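Participant: Structure below; questions to follow.
The values are calculated or read from the model by the stated rules, or taken from the named source; none is laboratory data. Being a predicted model, the structure only gives us computed values, none of them experimental. Here the Cβ is made from the backbone with ideal geometry for all residues, glycine too, and neighbour counts use every protein chain on show. For accessibility, only protein heavy atoms count, side chains too; no ligands or nucleic acids. Shrake-Rupley method; radii C 1.70, N 1.55, O 1.52, S 1.80 Å.
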Amino acid sequence: MRFLVDLHTHTVASDHAYSTINDYVLQAQKNGIAMFATTDHGPDVPDAPHPWHFGNLRVIPHVVDNIAILRGVEANLRADGTIDLEDYILDRLDIVLAGFHPSLDPTTEAEHTEIVKKVIASGKVDIITHLGNPKYPVDIRAVCECAKEHNVAIELNSSSGINTRFGSHDNCVKVAKMANEVGNIIALGSDAHVCYFLGNFKEAEQVIEEAGIRYDKVINTSPMKVLDFLESRGHKPIESLHNLFTLY
Ligand SMILES: [Zn+2]
Ligand SMILES: [Zn+2]
């Protein structure tokens, strides 16, 4: 297994996803994933959980049967360049993803680009998800450069073009090439909506290969790389995970 961390998964808390946290833990034990982030959709999309879902994620242990769990969200980008969870909830989370979803009607490339740049500059988001979605075109160079400046990671999404967002592949390769050129932090997410897809990075690996990116450039190769990145973003160190991964 090249990648030990999956940074993007959905549980039954999002109505169009079909597995529980425990299903993901069992699957991780089977397929060698050491750490995963649980990142259900922010409240702006109709199938999302109530904001309290995110406020109470702290009851989920960071380590279950030797599998590490990061408590997170995949928030929605709004037209005004904000996201859909309040700061006091965001502050409780280990990881914050955000991306374009149908809660926002697509407009123009220029407007999409401004929205993402504003969200990146807000400092509230660690990873921008599925930037290659052709429904929400952006100025890829401008977004990658902004993300570099603000130490925000660019996701290569392994469901795009496979399970959803069909027609993303070529755009995703462009995003990957640009992220590599600009020197962005690159993060992978399976975007699993069922536990059996946890750690399925086939599409992302294809994108990485076509873009000519070295695998060790991706933070998912090591749980410690991910924890270091999140700490560099201002998240508090998670002691139980440091203890778990000192041997990695
Ligand atoms: Zn998404
Ligand atoms: Zn997702």
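Participant: Looking at the chain, what % of its DSSP beta bridges pair antiparallel, to the nearest 5?
Facilitator: The antiparallel fraction comes to roughly 10 percent.
Participant: Still on this structure, please answer the following. So what's the net charge close to Q27: Lys and Arg +1, Asp and Glu -1, counting the other residues with Cβ under 15 Å from its Cβ?
Facilitator: -3
Participant: Still on this model: How much net charge surrounds N157 when only the other residues with a Cβ under 13 Å from the Cβ of N157 are counted, with Lys and Arg +1 and Asp and Glu -1?
Facilitator: -4
Participant: Let me ask another. Per residue, how large is the accessible surface of the chain? Use a 1.4 angstrom probe and give square angstrom.
Facilitator: 43
Participant: Based on the mean of other beta carbon atoms within 10 Å per residue, what is the order of 211-218, 11-18, 157-164, 35-42, most packed first?
Facilitator: 35-42, 157-164, 11-18, 211-218
Participant: A110 to T82: extension gain in nm, 0.36 nm per residue of separation minus the Cα-Cα distance?
Facilitator: Value of the extension gain: 8.4 nm.
Participant: Give the Rg/Rh ratio for the chain, taking Rg as the radius of gyration of the Cα atoms and Rh as the Kirkwood radius, to two decimals.
Facilitator: 0.92
Participant: Once you charge only the Cβ atoms, +1 for Lys and Arg and -1 for Asp and Glu, what is the size of the charge dipole of the chain about its Cα centre, to the nearest 20 debye?
Facilitator: The calculation lands at about 500 debye.
Participant: How much of the accessible area of the range 124-248, in percent, comes from carbon and sulfur atoms when a 1.4 Å probe is used?
Facilitator: 51
Participant: If you don't mind, another one. What is the distance in Å between the Cα centroid of the range 208-248 and that of the range 52-79?
Facilitator: Here the two parts' Cα centres lie 17 Å apart.
Participant: Okay, next question. Cα atoms only: what Rg and Dmax, in Å, come out for the range 3-87?
Facilitator: Rg then Dmax for the range 3-87, in Å: 13.3, 42.
Participant: When the Karplus curve 6.51 cos²θ - 1.76 cosθ + 1.60 is applied with θ = phi - 60°, which whole-Hz ³J(HN,Hα) does each residue of the range 46-56 get, with x for Gly and Pro?
Facilitator: Going residue by residue, I get x, 9, 8, x, 5, x, 4, 3, 6, x, 9 Hz, with x marking Gly and Pro.
Participant: Using helices alone, I'd like the mean residue ellipticity at 222 nm for the chain: each DSSP H run of four-plus residues gives -39500 (n - 2.57), total over residue count, nearest 500.
Facilitator: Rounded to the nearest 500, it is -10000 deg cm²/dmol.
Participant: On to the next question. Go through the range 180-193 residue by residue and turn each phi into a ³J(HN,Hα) via Karplus (6.51, -1.76, 1.60, θ = phi - 60°); whole Hz please, and just put x for glycine and proline.
Facilitator: 5, 5, 6, x, 5, 6, 10, 10, 9, x, 6, 6, 4, 10
Participant: 7 Å from Cα along Cα→Cβ at both R58 and F166: what's the point-to-point distance in nm?
Facilitator: So the two model labels end up 4.4 nm from each other.
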